[in-house]
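A quick write-up on the structure given underneath.
No lab work stands behind these numbers, since they all come straight from the coordinates. This one's a predicted model, so the numbers in the text were calculated from it and none came from an experiment. Positions of Cβ are generated from backbone atoms using ideal geometry, with glycine treated the same way; all protein chains shown enter the neighbour counts.
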Amino acid sequence: MFFIFETKTVMANGKRIVLNTNDAIHFILLENILYCKSENSYTTFYLVNREPIMVSKNIKEYERQLAGASFFRSHQSYLVNLEHITKIDKQNSFTLYLTDKTEIPTSTRKRKMLLQILLKK
């Protein structure tokens, strides 16, 4: 089970997501999520300065929950926090580079939509 809620104790207007794993319940600020990667019916959250967290829900569930919160599904296996994109390599199939130097693929179908979203920011 997961949900997004607002909290004023950590930071003003900060939003969190709650990730329930087998051994713990994690409270993660959305801004600390770099990206999510799908592996069948599991999703791994890659975070700023923290170990990844794997949960037993598919990425589509989180795509719906994070809609409107600066996240974009760049590829069938990746959900990216747009705030962490530092570069798009147009010469290399629109590969996204994140603040931690991770490279994320962008599907051909999603390129135009991604550019529209990023250029509006």
| said: If I ask for residues that are surrounded by 15 or more Cβ atoms within 10 Å (Cβ to Cβ) and within 11 Å of MET54 (Cα to Cα), which ones from segment 21-43 would you list? | reply: HIS26, CYS36, LYS37, SER38, THR43
| task | Inspect segment 97-109 for any residue being surrounded by 15 or more Cβ atoms within 10 Å (Cβ to Cβ) and at positive phi and give the result as yes or no. | result | no
| task | State whether the residues of segment 56-64 include one that is in a strand (DSSP E or B) and without any contact (Cβ under 8 Å) to a residue 60 or more places away in the chain. | result | no
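Being closer than 24 Å to LYS15 by Cβ, polar (S, T, N, Q), more than 15 Å from the chain's Cα centre (by Cα) and surrounded by fewer than 15 Cβ atoms within 10 Å (Cβ to Cβ) is the requirement here; does GLN116 meet it?
Working: closer than 24 Å to LYS15 by Cβ: yes; polar (S, T, N, Q): yes; more than 15 Å from the chain's Cα centre (by Cα): yes; surrounded by fewer than 15 Cβ atoms within 10 Å (Cβ to Cβ): yes.
Judged against the criteria, GLN116 is a match.
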| query | Are there any pairs, at least 6 apart or on different chains, whose C-beta atoms fall under 8 Å, with the first in segment 22-38 and small (Gly, Ala, Ser) and the second not in a strand (DSSP E or B), and if so, which? | reply | SER38/ASN58; SER38/ILE59; SER38/GLN76; SER38/SER77
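Sort through TYR46, TYR35 and tell me the only one that's outside any helix (DSSP H, G or I) and either among the aliphatic types (A, V, I, L, M) or touching a Pro at 6+ places or on another chain (Cβ under 7 Å) (or both). Give the derivation first.
Working: TYR35 fails: either among the aliphatic types (A, V, I, L, M) or touching a Pro at 6+ places or on another chain (Cβ under 7 Å) (or both).
Of the residues listed, the single one that is outside any helix (DSSP H, G or I) and either among the aliphatic types (A, V, I, L, M) or touching a Pro at 6+ places or on another chain (Cβ under 7 Å) (or both) is TYR46.
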| Which of (1) within 17 Å of VAL18 (Cβ to Cβ); (2) surrounded by 15 or more Cβ atoms within 10 Å (Cβ to Cβ) does SER70 not meet, given it meets every other one? | (1)
| field | Complete set of residues in segment 49-63 that are surrounded by 14 or more Cβ atoms within 10 Å (Cβ to Cβ) and either under 13 Å from ILE17 (Cα atoms) or in contact with a His (Cβ under 8 Å, 6 or more places away or on another chain) (or both) | value | ILE53, VAL55, TYR62, GLU63
| said: If LYS87 satisfies all but one of (1) in contact (Cβ under 8 Å) with a residue 12 or more places away in the chain; (2) over 25 Å from ILE17 (Cα atoms); (3) assigned to a strand (DSSP E or B), what's the number of the condition it fails? | reply: (1)
